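Submitted below is the structure of interest, expressed as structure tokens.
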Amino acid sequence: MSTVTTDAHDGPPAEAVAAVGTDGLPAGSVPDVTVKTLGVPKIASPMAPLLASRQTTEHYVDETDRVLLDDTLGGVIGRGLPVDQLPGLEPCGPRRKIFFDPSKTRAAIVTCGGLCPGLNDVIAGLVRNLTYHYKVRRVIGIQNGYQGFSPPTATTSSS
């Protein structure tokens, strides 16, 4: 394949652009977004009484549901795949069965500071759900991102 570049166009040749999709992957390829699980959840969720009569809603997530990777009809049609083969992600939210016993679970919320409007509300909501709905007994906050997991180091000043 020969390519011709001119001063007016510094990018890749047109043939290469056509072979690459908007997501940077080869056109027609499907990225691996397989969700790895911890096995079969066996513990009844403490949220179950609130969810007993509901199907998939904002209060309950069905185990077979997926959030599609493509967020436009054009993107879905462009994949040329049947609906059950479209790439998708596992949605977040409460389930009927969970993996860990909340009474024996500790939760840590890691933050790294900076400006993020609404983050305090998100953290407060998470703490309330963990303590009131799931009955998690210990929720801690970790400051300074992953560095907050490291023990503080002693510093000395030479004055």
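Order the peptides 64-73, 125-134, 36-45 from the highest to the lowest mean number of other Cβ atoms within 10 Å of their residues. Could you put the intermediate results ahead of the total?
Working: 64-73: 11.7, 125-134: 14.1, 36-45: 10.1.
Put in order of decreasing packing, that is 125-134, 64-73, 36-45.
Can you list residues whose amide H is under 5 Å from ILE109's amide H, if they're 5+ apart or on another chain and H is modeled 1.01 Å from N?
Under 5 Å from the amide H of ILE109 lie the amide H atoms of ILE140, GLY141, ILE142, each far enough along the sequence or on another chain.
Another one. Over all directions, the average projected area of the alpha-carbon convex hull for region 73-135 comes to how many nm²?
Computing the convex hull of the Cα atoms and averaging its projections yields 7.5 nm².
Moving on to the next point. Please quote Rg/Rh for region 100-149 to two decimal places, taking the Kirkwood radius as Rh and restricting both calculations to Cα atoms.
Working: Rg = 11.8 Å, Rh = 11.7 Å.
Rg divided by Rh gives 1.01.
For LYS36 and PHE99 in one chain, what is 0.36 nm times their gap in residues minus the Cα-Cα distance, to one decimal in nm?
Net length gain for the segment: 21.3 nm.
Bear in mind that the values in this text are calculations on the coordinates, not laboratory data. Since the model is a prediction, treat every value here as computed from it, not as a measurement. Quick reminder, even Gly has a Cβ in these numbers, built from the backbone with ideal geometry, and neighbours come from all protein chains shown.
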